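> First the structure, then my questions, so here it is.
The values are calculated or read from the model by the stated rules, or taken from the named source; none is laboratory data. Quick caveat: nothing in here was measured; it's all calculated off a predicted structure. All Cβ positions, glycine included, derive from the backbone under ideal geometry; neighbour counts span all protein chains shown. Side chains included, ligands, DNA and RNA excluded: accessible areas come from the protein's heavy atoms. Shrake-Rupley method; radii C 1.70, N 1.55, O 1.52, S 1.80 Å.
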Amino acid sequence: MSTPSAIESVLVENRVFEPSEATVKAARISGMDGYNALCAEAAADFEGFWARLARENVVWNKPFTKTLDESNAPFYKWFEDGELNASYNCLDKHMGTPNENKTAVIFEADGGEVTKTTYKELLAKVSQFANALKSRGINKGDRVLIYMPMTLEGVVAMQACARIGATHSVVFGGFSAKALQERIIDAGAVAVVTANFQMRGGKELPLKAIVDEGLSLGGCESIKTVLVFERTPTACNMVAGRDMTFTEALAGQSTECAPVMVGAEHPLFILFTSGSTGKPKGVQHATGGFVLWAKLTMDWTFDLRADDVFWCTADIGWITGHAYVAYGPLAAGATQIIFEGVPTYPNAGRFWQMIERHKCSIFYTAPTAIRSLIKSAESDAKVHPDASDLSSLRILGSVGEPINPEAWMWYYKNVGKEKCPIVDTFWQTETGGHMITPLPGATPLVPGSCTLPLPGIMAAIVDEAGHDVPNGSGGMLVIKRPWPSMIRTIWGDPERFKASYFPAEMGGTYYLAGDGAVRSADRGYFRITGRIDDVLNVSGHRMGTMEIESALVAKTDLVAEAAVVGRPDDLTGEAICAFVVLKRGVPTGDEAKAIAKQLRDWVAKEIGPIAKPKDIRFGENLPKTRSGKIMRRLLRSLAKGESITQDTSTLENPAILSQLGQAY
Ligand code: PRX
């Protein structure tokens, strides 16, 4: 494990931002007293606490009698004998209530067209799509791979799977054909739901062609159906017998479909994410715990009210888009905005203009987006938040990576006008929802700190042996007790699940997040300092260094060896830096440029454009110890442009450092 790679911050902001009296008064969890009371309830009766919340927040078709089963830890089971349906909890339960005709989704397309869908209409769409899936022979327990643009139809597909008890696995539309193929094989999917094209920044980009390519790479014989949403009028290749357009698939299907009740532990979805070793892991989530957490955290973290207009900008291809687009807002009965496009099209004021247009009151986005918009706003008044009326906003959120105090302060002042609390939510694909976050009507805010764990989340910072470290000294973030929305296993690989997340050295029951963290000496607030493993966070997207290395060395005609590390980047948080040894020696000048481009394109094809290394350095070999271990610590220093001050006497070839220190 390496030292935490904290995003370095220039600004030291020691101010504490207290919630206003009015906010505290109106909030669901009101003041630190409210927060402390919930924590005390969880501490006094852990299972009773969760049982109460699960009864109050989830509609059970059959009530559970046992809250938590720890007999086979770390394979925890929650509410196991209870039965429910996730889609029922998001849609049907609103029928016959004031939510029935409330707008569930305000969809704004890339080009600006706006469509509004009520809860009742959404239920009909989901039911109709569920019937289409059933008529293709897709049933409870089957896996459906979803490779869709950020459209209402993507959410409909997810909800429809949940409705019939099929397990969805959404793959972000920026992943390559090869990445798609690997995920289809790993999940054993029977169907793919996709679109002919996606619209991003005014451009029509292919999706179906990538699916075709992925399926042609082999091993995907399990796929019997490909359903294709006609996002644009442009035709795409269709394979007879296998492929069907949405129009064909939905024709004649009823808009009513009884939800299939499943056990609480039934896998709602698998979502692939990067680890420090090997191929991406299929993180498996359970229906009961996930639905509970999605609904509860909407209420707790965003203090949702009936008239809120909620907007989470995440894509459904990531966990944030699962919890806070596809499920949470619907389970909580919110009106939400779904945006297809990119924040910079047609101009970098798009987010602010949309907040004004739709009277958004809760806005939840990633620090990378904020950082890139700061740059544009500060150089062009027309796209500055001040150019839009943002008075509808009442709560701001941040997710996916540490938010540096500079970006926090800008967001607070320019977007929130110093009246909106910022909830800096720390969590992961594996946690299923928020873990450590301020509560808007309770927690005094400190820029750059995710503050305190949610009630019932037993977060701590420990050393390698699992012992608590004192406040002020850094260590590894763990969660000491299970929680309802936690990862259940890695799909098809329970041993890897145990080994990755529940280290034996810590007793085998502490969940190891993989992040370094430190608690402040005064308040005990958590600050995440970055991953402690070989996982990078680039623009809030998680990437494994090994995956990128494997992709590079798979270019067998060119590459002999490669090592990938991260370095801090002002805009993207971290940037990917690859050290490459070519079979043909060290290239220079234009040749080096051309080969670097070739390698970047190759990585984009193997994994996806998000994995393209920003820097590529060529060398005759890599810095290794005499026993052959690559010294990543040194590579990280080189990537940052630091001069090497560490002891290099154990290196086999110290001269390589000066060569790798230079960009071509
Ligand atoms: O390193 C942490 C960082 O993102 C990782 C999880 O990535 P992923 O599974 O893709 O989920 C991202 C969306 C929840 C974590 O291990 N991370 C996430 N949120 C924060 C964060 N780091 C600091 N502060 C956060 N608020």
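> Could you check GLU401 against (1) under 30 Å from ILE270 (Cα atoms); (2) acidic (Asp, Glu); (3) open to solvent by 10 Å² or more (accessible area, probe 1.4 Å); (4) assigned to a helix (DSSP H, G or I) and say which number it fails?
(4)
> Please specify each residue of the range 198-220 satisfying the condition of being aliphatic (A, V, I, L, M) and within 15 Å of ASN237 (Cβ to Cβ).
Scanning the range 198-220 gives LEU207, ALA209, ILE210, VAL211, LEU215.
> Here's a follow-up. Report, by residue number, each residue of the range 177-200 that is open to solvent by 10 Å² or more (accessible area, probe 1.4 Å), without any contact (Cβ under 8 Å) to a residue 60 or more places away in the chain and in contact with a helix residue (DSSP H, G or I) (Cβ under 6 Å, 6 or more places away or on another chain).
Hit for the range 177-200 is GLN181, nothing else.
> Hey, can you tell me all the residues within the range 109-136 that are touching a strand residue (DSSP E or B) at 6+ places or on another chain (Cβ under 6 Å), crowded, with 18+ Cβ neighbours inside 10 Å and farther than 17 Å from PHE229 by Cβ?
TYR119
Per-residue answers, yes or no, for (1) hydrophobic (A, V, I, L, M, F, W, C); (2) open to solvent by 10 Å² or more (accessible area, probe 1.4 Å); (3) more than 25 Å from ILE319 (Cβ to Cβ):
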residue: GLU549; (1), (2), (3): no, yes, no
residue: VAL565; (1), (2), (3): yes, no, no
residue: GLY573; (1), (2), (3): no, no, no
residue: PRO587; (1), (2), (3): no, no, yes
residue: ALA594; (1), (2), (3): yes, yes, yes
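> Right, another one. Which condition number does ASP424 fail, the rest of (1) near the ligand (Cβ under 10 Å from one of its atoms); (2) touching a residue at least 60 places away in the same chain (Cβ under 8 Å); (3) not hydroxyl-bearing (Ser, Thr, Tyr) being met?
For ASP424, the failing item is (2).
> Report every pair of residues separated by at least 6 positions or lying on different chains whose Cβ atoms are under 7 Å apart, first residue within the range 296-324 and in contact (Cβ under 8 Å) with a residue 12 or more places away in the chain and β-branched (Val, Ile, Thr), second buried (at least 24 other Cβ atoms within 10 Å of the Cβ) and part of a helix (DSSP H, G or I).
THR297/GLY328; ILE316/GLY154; ILE316/VAL155; ILE316/MET158; ILE316/HIS322; ILE316/VAL325; ILE316/ALA326
> Could you please find all residues in the range 262-272 being touching an Asp or Glu at 6+ places or on another chain (Cβ under 7 Å) and part of a strand (DSSP E or B)? Lay out the reasoning, then the answer.
At the first step, the residues of the range 262-272 found to be touching an Asp or Glu at 6+ places or on another chain (Cβ under 7 Å) are 262-265.
Residues satisfying the conditions are VAL262, GLY263.
> Take the range 503-517 and flag every residue that is surrounded by 21 or more Cβ atoms within 10 Å (Cβ to Cβ) and charged (D, E, K, R).
Residue satisfying the conditions is ASP515 alone.
> Continuing with the same structure: When both residues are 6+ apart or on different chains and their Cβ atoms are under 8 Å apart, which pairs have a first residue that lies in the range 519-543 and is over 15 Å from GLY448 (Cβ atoms), and a second that is open to solvent by 40 Å² or more (accessible area, probe 1.4 Å) and of a type in the set (Phe, Trp, Tyr)?
From residues that are over 15 Å from GLY448 (Cβ atoms), the pairs are HIS541/TRP318.
> Name the one entry in VAL415, VAL325 that is within 16 Å of the ligand (Cβ to nearest atom) and either buried (at least 23 other Cβ atoms within 10 Å of the Cβ) or not hydrophobic (A, V, I, L, M, F, W, C) (or both).
Being within 16 Å of the ligand (Cβ to nearest atom) and either buried (at least 23 other Cβ atoms within 10 Å of the Cβ) or not hydrophobic (A, V, I, L, M, F, W, C) (or both) holds for just one of VAL415, VAL325, which is VAL325.
> So, one more: Suppose the filter is within 16 Å of the ligand (Cβ to nearest atom), in a strand (DSSP E or B) and among the acidic types (Asp, Glu); does GLU561 pass it?
Values: within 16 Å of the ligand (Cβ to nearest atom): no; in a strand (DSSP E or B): yes; among the acidic types (Asp, Glu): yes.
Here the answer is no, as GLU561 does not meet what is asked.
> Can I ask one more? Mind listing whichever residues of the range 523-534 are near the ligand (Cβ under 8 Å from one of its atoms), open to solvent by less than 30 Å² (accessible area, probe 1.4 Å) and at pLDDT below 95?
Across the range 523-534, the qualifying residue is only GLY530.
> Of the residues ALA44, ALA40, which single one is within 18 Å of THR437 (Cα to Cα) and not charged (D, E, K, R)?
Step by step, each of ALA44, ALA40 is checked, and only ALA40 is within 18 Å of THR437 (Cα to Cα) and not charged (D, E, K, R).
> Would a scan of the range 353-372 turn up a residue that is modelled with pLDDT under 95, within 10 Å of the ligand (Cβ to nearest atom) and open to solvent by 20 Å² or more (accessible area, probe 1.4 Å)?
There is no residue in the range 353-372 that is modelled with pLDDT under 95, within 10 Å of the ligand (Cβ to nearest atom) and open to solvent by 20 Å² or more (accessible area, probe 1.4 Å).
> Another one. So PRO343 fits all but one of (1) touching a residue at least 24 places away in the same chain (Cβ under 8 Å); (2) of a type outside the set (A, V, I, L, M, F, W, C); (3) farther than 23 Å from GLY111 by Cβ; (4) away from the ligand (no atom under 16 Å from the Cβ); what number is the exception?
All conditions pass for PRO343, except number (3).
Conditions tested, residue by residue: (1) within 12 Å of the ligand (Cβ to nearest atom); (2) crowded, with 24+ Cβ neighbours inside 10 Å; (3) of a type outside the set (Gly, Ala, Ser).
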position: PHE269; (1), (2), (3): no, yes, yes
position: GLY278; (1), (2), (3): no, no, no
position: LYS281; (1), (2), (3): yes, yes, yes
position: THR301; (1), (2), (3): yes, yes, yes
position: VAL309; (1), (2), (3): no, no, yes
position: GLY317; (1), (2), (3): yes, no, no
position: THR320; (1), (2), (3): yes, yes, yes
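> Quick check: is even one residue across the range 374-386 within 13 Å of the ligand (Cβ to nearest atom), touching a Gly at 6+ places or on another chain (Cβ under 9 Å) and open to solvent by less than 30 Å² (accessible area, probe 1.4 Å)?
No, the range 374-386 contains no residue that is within 13 Å of the ligand (Cβ to nearest atom), touching a Gly at 6+ places or on another chain (Cβ under 9 Å) and open to solvent by less than 30 Å² (accessible area, probe 1.4 Å).
> If you check SER520, SER539, SER500, which single one turns out to be within 16 Å of the ligand (Cβ to nearest atom), open to solvent by less than 50 Å² (accessible area, probe 1.4 Å) and under 20 Å from GLN284 (Cβ atoms)?
SER500
> Being among the β-branched types (Val, Ile, Thr) and either in a helix (DSSP H, G or I) or under 21 Å from PHE172 (Cβ atoms) (or both) is the filter here, so list the residues in the range 529-557 that pass it. Please lay out each step first, then the result.
Residues of the range 529-557 among the β-branched types (Val, Ile, Thr): 529, 532, 535, 538, 545, 548, 553, 556.
Result: VAL535, VAL538, THR545, ILE548, VAL553.
Condition check ((1) surrounded by fewer than 22 Cβ atoms within 10 Å (Cβ to Cβ); (2) farther than 30 Å from GLY288 by Cβ; (3) within 10 Å of the ligand (Cβ to nearest atom)) across all residues:
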{"residue": "ASP389", "(1), (2), (3)": "yes, yes, no"}
{"residue": "SER392", "(1), (2), (3)": "yes, yes, no"}
{"residue": "TRP408", "(1), (2), (3)": "no, yes, no"}
{"residue": "HIS434", "(1), (2), (3)": "no, no, yes"}
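> Here's something else I'd like to know. Looking at the range 164-198, which of its residues are of a type in the set (A, V, I, L, M) and within 30 Å of GLU83 (Cα to Cα)?
Residues satisfying the conditions are ILE164, ALA166, VAL170, VAL171, ILE184, ILE185, ALA187, ALA189, VAL190, ALA191, VAL192, VAL193.
> Follow-up. Looking at the range 458-497 only, could you name the residues that are open to solvent by 10 Å² or more (accessible area, probe 1.4 Å) and within 24 Å of PRO421 (Cβ to Cβ)?
The answer is ALA459, ASN471.
> Check GLY448 against each of (1) modelled with pLDDT under 95; (2) open to solvent by less than 20 Å² (accessible area, probe 1.4 Å); (3) over 30 Å from VAL283 (Cβ atoms) and name the one condition it does not meet.
The one condition GLY448 does not meet is (3).
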